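K.L.:
Mind having a look at this structure? Questions to follow.
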Amino acid sequence: MTGASWMYIPAVLAIAAAGINLTRRLWVVNAAALGLQYLGVFVLLTTVRPASLALVKLLVGWMVTLTLFLSLITDGKIRSAKAFFSFSAGEIFRLLAGVFAVFFLAALLPQLQASVFPQTSLPLLLAAFSLLVLGLFQASLSAEPFYVIIGLLTFLSGVELLYASLELSILLEALFAGVNLGLALVGAFFVIKDAEIPEA
(Lines give C-alpha, C1' and ligand atoms only; values in the text may rest on other atoms or scores of the structure.)
Protein backbone atom coordinates (compact mmCIF):
# COMPACT_ATOMS: atom_id res chain seq x y z
CA MET A 1 0.00 0.00 0.00
CA THR A 2 1.19 3.51 -0.76
CA GLY A 3 0.59 6.92 0.75
CA ALA A 4 -2.25 7.08 3.25
CA SER A 5 -4.13 4.10 1.80
CA TRP A 6 -2.91 1.80 4.61
CA MET A 7 -4.80 4.05 7.05
CA TYR A 8 -8.05 2.58 5.76
CA ILE A 9 -7.23 -0.64 7.67
CA PRO A 10 -7.44 0.88 11.20
CA ALA A 11 -10.26 3.16 10.03
CA VAL A 12 -12.34 0.19 8.86
CA LEU A 13 -11.46 -1.69 12.07
CA ALA A 14 -12.73 1.18 14.24
CA ILE A 15 -15.87 1.66 12.12
CA ALA A 16 -16.64 -2.07 12.04
CA ALA A 17 -16.22 -2.32 15.83
CA ALA A 18 -18.56 0.64 16.34
CA GLY A 19 -21.01 -0.95 13.91
CA ILE A 20 -20.97 -4.21 15.87
CA ASN A 21 -21.69 -2.31 19.08
CA LEU A 22 -24.50 -0.41 17.42
CA THR A 23 -26.07 -3.57 15.99
CA ARG A 24 -25.54 -6.42 18.45
CA ARG A 25 -26.76 -6.83 22.01
CA LEU A 26 -24.24 -9.42 23.24
CA TRP A 27 -22.20 -8.07 26.12
CA VAL A 28 -19.06 -10.18 25.60
CA VAL A 29 -18.97 -9.23 21.93
CA ASN A 30 -19.62 -5.57 22.71
CA ALA A 31 -16.77 -5.37 25.22
CA ALA A 32 -14.37 -7.01 22.75
CA ALA A 33 -15.51 -4.70 19.93
CA LEU A 34 -14.96 -1.64 22.13
CA GLY A 35 -11.38 -2.76 22.78
CA LEU A 36 -10.80 -3.23 19.03
CA GLN A 37 -12.32 0.17 18.36
CA TYR A 38 -9.77 1.80 20.66
CA LEU A 39 -7.00 -0.12 18.89
CA GLY A 40 -8.09 1.28 15.52
CA VAL A 41 -8.32 4.80 16.95
CA PHE A 42 -4.83 4.40 18.45
CA VAL A 43 -3.28 3.50 15.10
CA LEU A 44 -4.98 6.47 13.43
CA LEU A 45 -3.83 8.81 16.20
CA THR A 46 -0.20 7.78 15.66
CA THR A 47 -0.39 9.49 12.25
CA VAL A 48 -1.20 12.89 13.79
CA ARG A 49 0.12 12.60 17.34
CA PRO A 50 3.39 11.51 19.01
CA ALA A 51 3.29 7.78 19.71
CA SER A 52 3.43 8.40 23.46
CA LEU A 53 0.23 10.48 23.43
CA ALA A 54 -1.53 8.00 21.16
CA LEU A 55 -0.51 5.19 23.53
CA VAL A 56 -2.16 7.05 26.42
CA LYS A 57 -5.42 6.98 24.45
CA LEU A 58 -5.08 3.23 23.90
CA LEU A 59 -4.32 2.50 27.55
CA VAL A 60 -7.20 4.69 28.75
CA GLY A 61 -9.51 3.03 26.24
CA TRP A 62 -8.59 -0.44 27.38
CA MET A 63 -8.96 0.61 31.03
CA VAL A 64 -12.45 1.87 30.17
CA THR A 65 -13.26 -1.41 28.42
CA LEU A 66 -11.96 -3.45 31.36
CA THR A 67 -13.97 -1.34 33.83
CA LEU A 68 -17.19 -1.94 31.92
CA PHE A 69 -16.43 -5.63 31.44
CA LEU A 70 -15.73 -6.14 35.15
CA SER A 71 -19.01 -4.41 35.97
CA LEU A 72 -20.79 -6.94 33.74
CA ILE A 73 -19.09 -9.82 35.57
CA THR A 74 -20.17 -8.29 38.88
CA ASP A 75 -23.69 -8.09 37.47
CA GLY A 76 -23.68 -11.90 37.31
CA LYS A 77 -25.84 -11.90 34.19
CA ILE A 78 -23.19 -11.44 31.52
CA ARG A 79 -24.49 -12.43 28.13
CA SER A 80 -22.42 -14.81 26.07
CA ALA A 81 -21.83 -14.71 22.32
CA LYS A 82 -24.33 -17.46 21.58
CA ALA A 83 -26.35 -17.09 18.36
CA PHE A 84 -24.00 -14.38 17.06
CA PHE A 85 -25.36 -14.69 13.52
CA SER A 86 -29.01 -14.61 14.60
CA PHE A 87 -30.39 -11.08 14.10
CA SER A 88 -33.55 -9.58 15.55
CA ALA A 89 -35.63 -7.02 13.65
CA GLY A 90 -34.20 -4.22 15.80
CA GLU A 91 -30.64 -5.33 15.10
CA ILE A 92 -31.28 -5.44 11.36
CA PHE A 93 -32.71 -1.91 11.50
CA ARG A 94 -29.68 -0.61 13.40
CA LEU A 95 -27.31 -2.41 11.03
CA LEU A 96 -28.96 -0.90 7.94
CA ALA A 97 -29.03 2.56 9.54
CA GLY A 98 -25.33 2.34 10.38
CA VAL A 99 -24.32 1.05 6.93
CA PHE A 100 -26.36 3.77 5.21
CA ALA A 101 -24.80 6.47 7.40
CA VAL A 102 -21.23 5.29 6.74
CA PHE A 103 -21.77 5.06 2.96
CA PHE A 104 -23.38 8.51 2.95
CA LEU A 105 -20.37 9.92 4.81
CA ALA A 106 -17.95 8.16 2.45
CA ALA A 107 -19.65 9.87 -0.49
CA LEU A 108 -19.78 13.29 1.18
CA LEU A 109 -16.36 13.48 2.83
CA PRO A 110 -14.09 14.03 -0.23
CA GLN A 111 -15.78 17.38 -0.89
CA LEU A 112 -15.79 18.24 2.82
CA GLN A 113 -12.10 17.41 3.06
CA ALA A 114 -11.22 19.62 0.10
CA SER A 115 -13.13 22.62 1.44
CA VAL A 116 -12.86 22.35 5.25
CA PHE A 117 -10.19 19.79 6.28
CA PRO A 118 -7.48 19.93 3.58
CA GLN A 119 -4.72 18.87 6.01
CA THR A 120 -6.60 15.82 7.33
CA SER A 121 -6.36 12.43 5.61
CA LEU A 122 -9.57 10.99 4.19
CA PRO A 123 -9.36 7.69 6.19
CA LEU A 124 -9.03 9.61 9.46
CA LEU A 125 -11.95 11.87 8.54
CA LEU A 126 -14.08 8.87 7.60
CA ALA A 127 -13.30 7.15 10.90
CA ALA A 128 -13.90 10.31 12.95
CA PHE A 129 -17.27 11.21 11.42
CA SER A 130 -18.41 7.57 11.34
CA LEU A 131 -17.67 7.19 15.05
CA LEU A 132 -19.49 10.44 15.74
CA VAL A 133 -22.62 9.31 13.88
CA LEU A 134 -22.60 5.67 15.02
CA GLY A 135 -22.02 6.77 18.60
CA LEU A 136 -24.99 9.13 18.44
CA PHE A 137 -27.14 6.38 16.93
CA GLN A 138 -26.18 3.97 19.70
CA ALA A 139 -26.75 6.44 22.53
CA SER A 140 -30.17 7.37 21.17
CA LEU A 141 -31.44 3.91 20.16
CA SER A 142 -30.89 2.11 23.47
CA ALA A 143 -32.16 2.56 27.01
CA GLU A 144 -29.65 0.18 28.67
CA PRO A 145 -26.88 2.10 30.49
CA PHE A 146 -24.16 -0.22 29.14
CA TYR A 147 -25.02 0.55 25.52
CA VAL A 148 -25.66 4.24 26.12
CA ILE A 149 -22.19 4.57 27.69
CA ILE A 150 -20.57 2.70 24.79
CA GLY A 151 -22.37 5.06 22.41
CA LEU A 152 -21.08 8.11 24.28
CA LEU A 153 -17.53 6.66 24.35
CA THR A 154 -17.73 6.02 20.60
CA PHE A 155 -18.93 9.57 19.99
CA LEU A 156 -16.10 10.92 22.14
CA SER A 157 -13.54 8.86 20.19
CA GLY A 158 -14.78 10.50 17.00
CA VAL A 159 -14.42 13.95 18.59
CA GLU A 160 -10.89 13.12 19.75
CA LEU A 161 -9.86 11.89 16.30
CA LEU A 162 -11.24 14.96 14.59
CA TYR A 163 -9.66 17.35 17.08
CA ALA A 164 -6.32 15.52 16.96
CA SER A 165 -6.17 16.08 13.21
CA LEU A 166 -6.52 19.84 13.67
CA GLU A 167 -4.24 20.81 16.59
CA LEU A 168 -2.35 19.54 19.63
CA SER A 169 -3.38 20.41 23.18
CA ILE A 170 -1.93 18.39 26.05
CA LEU A 171 -4.49 19.85 28.46
CA LEU A 172 -7.40 18.83 26.25
CA GLU A 173 -5.90 15.36 25.78
CA ALA A 174 -5.86 14.98 29.57
CA LEU A 175 -9.46 16.22 29.73
CA PHE A 176 -10.54 13.66 27.13
CA ALA A 177 -8.85 10.90 29.14
CA GLY A 178 -10.63 12.03 32.31
CA VAL A 179 -14.01 12.16 30.57
CA ASN A 180 -13.51 8.65 29.17
CA LEU A 181 -12.69 7.25 32.61
CA GLY A 182 -15.58 9.17 34.16
CA LEU A 183 -18.05 7.75 31.64
CA ALA A 184 -16.75 4.25 32.32
CA LEU A 185 -17.27 4.66 36.07
CA VAL A 186 -20.77 6.06 35.54
CA GLY A 187 -21.59 3.17 33.22
CA ALA A 188 -20.25 0.62 35.70
CA PHE A 189 -22.31 2.21 38.48
CA PHE A 190 -25.57 1.99 36.52
CA VAL A 191 -24.90 -1.56 35.32
CA ILE A 192 -24.34 -2.72 38.89
CA LYS A 193 -27.27 -0.65 40.18
CA ASP A 194 -29.59 -2.25 37.62
CA ALA A 195 -28.38 -5.68 38.74
CA GLU A 196 -29.36 -4.86 42.33
CA ILE A 197 -32.96 -4.05 41.39
CA PRO A 198 -35.04 -7.18 42.16
CA GLU A 199 -36.98 -8.62 39.28
CA ALA A 200 -40.75 -8.43 39.59
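K.L.:
Could you pull out the longest piece of the chain with no exposed loop GluC sites (Glu not before Pro) in it, calling a site exposed if DSSP puts it outside H, G, I, E, B and it has at most 14 other Cβ atoms within 10 Å?
P.N.:
Looking at the chain, 1-166 is the longest stretch - no exposed GluC sites (Glu not before Pro) with at most 14 other Cβ atoms within 10 Å.
K.L.:
If the convex hull of the alpha-carbon atoms of the stretch 141-185 is projected onto planes in all directions, what is the mean projected area in square nanometres? Let's see the in-between values first.
P.N.:
Details: hull surface 12.8 nm².
Mean projected area for the stretch 141-185: 3.2 nm², to one decimal.
K.L.:
Could you size up the charge dipole of the chain around its Cα centre, putting +1 on the beta carbon of Lys and Arg and -1 on that of Asp and Glu, and report it in debye to the nearest 20? Let's see the in-between values first.
P.N.:
Values: 9 positive and 9 negative charges, 66 e Å.
Using Cβ point charges on Lys, Arg, Asp and Glu, the chain gives about 320 debye.
K.L.:
As I understand it, the dipole of the chain uses +1 on the Cβ of Lys and Arg and -1 on the Cβ of Asp and Glu, about the Cα centre. Which of PHE87, ALA164, ALA33 lies farthest toward its positive end?
P.N.:
Most positive-ward Cα: PHE87.
K.L.:
Here is a further query. Relative contact order, percent, of the stretch 120-169 when contacts are C-alpha pairs under 8 Å separated by at least 6 residues? Show your work: numbers first, answer last.
P.N.:
Numbers: 52 pairs, mean separation 22.4, N = 50.
Across the stretch 120-169, relative contact order equals 45 percent.
K.L.:
Which listed residue (LEU181, PRO110, VAL64) has the Cα farthest towards the positive end of the charge dipole for the chain, taking +1 on Lys and Arg C-beta and -1 on Asp and Glu C-beta about the Cα centre?
P.N.:
PRO110
K.L.:
OK, next. For the chain, with all protein chains present and a 1.4 Å probe, just round the carbon and sulfur fraction of the accessible area to a whole percent.
P.N.:
76 percent
K.L.:
Oh, and also: Let me check against my output: what whole-number percent is the relative contact order of the stretch 80-176, with C-alpha pairs under 8 Å and at least 6 apart? If you can, show how the numbers build up before the last one.
P.N.:
On the way: 73 pairs, mean separation 22.8, N = 97.
About 24 percent, as a whole number.
K.L.:
GNM, the chain, Cα, under 10 Å: largest mean-square fluctuation among ILE15, ILE149, ILE73?
P.N.:
It is ILE73.
K.L.:
Relative to the present Cα-Cα distance, how much length would full extension add between LEU70 and ALA16 at 0.36 nm per residue of separation? Don't skip to the end; give the middle numbers.
P.N.:
Details: separation 54, 0.36 × 54 = 19.44 nm, distance 2.35 nm.
Once the chain is fully extended between LEU70 and ALA16, it gains 17.1 nm.
K.L.:
Tabulate in residue order the Karplus-calculated ³J(HN,Hα) for the stretch 91-107, using 6.51 cos²θ - 1.76 cosθ + 1.60 with θ = phi - 60°, rounded to whole Hz; enter x for Gly and Pro.
P.N.:
3J(HN,Hα) across the stretch 91-107, in whole Hz: 5, 5, 4, 5, 4, 5, 4, x, 4, 4, 5, 5, 5, 4, 5, 4, 6.
K.L.:
Gain in length, LEU181 to LEU53, computed as 0.36 nm per residue apart minus the alpha-carbon separation, to one decimal in nm?
P.N.:
Values: separation 128, 0.36 × 128 = 46.08 nm, distance 1.62 nm.
Here the answer is 44.5 nm.
K.L.:
Using only C-alpha atoms and all pairs of different ones, pull out the Kirkwood radius for the chain in Å with one decimal.
P.N.:
Values: mean 1/r = 0.0582 Å⁻¹.
Computed over Cα pairs of the chain, the Kirkwood hydrodynamic radius comes out at 17.2 Å.
K.L.:
Related question: P(r) for the stretch 5-47: what percent of alpha-carbon pairs falls in each 10 Å bin, starting at zero?
P.N.:
Spelled out bin by bin, the stretch 5-47 gives 33, 49, 16, 2 percent.
K.L.:
Moving on. Averaged per residue, what accessible area in Å² does the stretch 1-63 show with a 1.4 Å probe, protein chains only?
P.N.:
Numbers: 2530 Å² over 63 residues.
On a per-residue basis, the stretch 1-63 sits at 40 Å².
K.L.:
Next up: Tell me the angle of helix 51-75 to the major Cα principal axis of the chain, expressed in degrees between 0 and 90 and rounded to the nearest ten.
P.N.:
With rounding to tens, the tilt is 10 degrees.
K.L.:
At a threshold of 8 angstrom on Cα-Cα distance, excluding pairs fewer than six apart, so keeping six or more, what relative contact order does the chain reach in percent? Could you put the intermediate results ahead of the total?
P.N.:
Working: 241 pairs, mean separation 54.8, N = 200.
Worked out over the chain, it gives 27 percent.
The values are calculated or read from the model by the stated rules, or taken from the named source; none is laboratory data. This structure is a prediction, so every number in the text was calculated from the model and none was measured. As a convention, Cβ positions derive from the backbone with ideal geometry for all residues, glycine included, and neighbour counts pool all protein chains shown. In case anyone asks, the SASA skips ligands and DNA or RNA and just uses the protein heavy atoms, side chains included. Shrake-Rupley method; radii C 1.70, N 1.55, O 1.52, S 1.80 Å.
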